[in-house]
Each structure stands twice: as structure tokens, then as C-alpha cells.
Amino acid sequence: MPPGSDDAAITEASPLAHIKVGYPPTVVFHGLSDVTIPPENSQHLLQTLRDAKVPSELHTFTGVPHEFDAHPEFAESCAALTDFFLDRQVLHPRTYPPFAPGGARNRA
């Protein structure tokens, strides 16, 4: 926020101020070595999304700073995770059955 911004402007700029039932599905990526925005902020964002029943995921990357998407390996991984998320939550949403211990395979 620019210098001199009041508390109302700062609150309004936060995505947390806008999350409610019906908010779009959201996927979040965060580097755990981020010194610009603490990783706990993304954990709080995820909890707020889930409390509002918004389909959401948080993916964290150990040892990675704030701006990591310029690195091809992270950009490619994030793109694949985003595609997978959008497919499951937007294009073809469905409820998945609970996973059973030992996986879904029959063991005979």
C-alpha cells in the first residue's frame, strides 16, 4: 500500500476481506523461505477459504523465496498443479470417496 494509506484502505486491499460463500475456487503457492510475506499468511488464507466452503489448496515449497515463478521448474510445476486443480474443482467437480487404508487395490 502507498504511504499514508488508512486502515480502511489496507483492510479493503486484503483478499481476506472479500472471501465468502461463492468465492471462486482458489489455489495458493508459497515459498517457505519467503521473507516478504510470511508463509503463515497463506495458511491463514487457506483456513479462511475453507471456513467459507471455498474449494481451495495450498502448495508450499521448502527453501524457496517470494518470487519463485521465474524459475522454469517452479513455473512448470505450478502450471501443472493449477491445471489439475481447475480440472477437479471447476471443469469436472466431483466428490471423491474417502480413501481406505492401504489404497483402493484389492489385496488377495
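Each reported figure results from applying straightforward, stated rules to the coordinates on display, with no laboratory input. Quick caveat: nothing in here was measured; it's all calculated off a predicted structure.
The angle between the Cα long axis of helix 72-86 and the main principal axis of the chain comes to about 70°, on a 0 to 90 degree scale.
Using alpha carbon coordinates only, what is the Rg to Rh ratio of region 33-93, with Rh defined as the Kirkwood radius? Please report the intermediate quantities before stating the final value.
On the way: Rg = 13.0 Å, Rh = 13.0 Å.
Over the Cα atoms of region 33-93, Rg/Rh equals 1.01.
Summarising the amide proton neighbourhood of SER56: residues at separation of 5 or more, or on other chains, whose placed amide H is nearer than 5 Å comprise THR26. Across region 2-10, rounded Karplus estimates of 3J(HN,Hα) from the backbone phi angles (6.51 cos²θ - 1.76 cosθ + 1.60, θ = phi - 60°) give x, x, x, 5, 7, 4, 5, 5, 5 Hz, Gly and Pro being marked x.
Rounded to the nearest angstrom and listed largest first, the equivalent-ellipsoid semi-axes of the chain from its Cα gyration tensor are 31, 20, 13.
Amide H contacts of GLY31: PHE61, each under 5 Å away and 5 or more positions distant or on a separate chain (H built 1.01 Å from N in the peptide plane; Pro and chain starts excluded). Across region 32-39, computed HN-Hα scalar couplings (Karplus, 6.51 cos²θ - 1.76 cosθ + 1.60, θ = phi - 60°) run 6, 9, 5, 9, 7, 10, x, x Hz from first to last residue, x flagging Gly and Pro.
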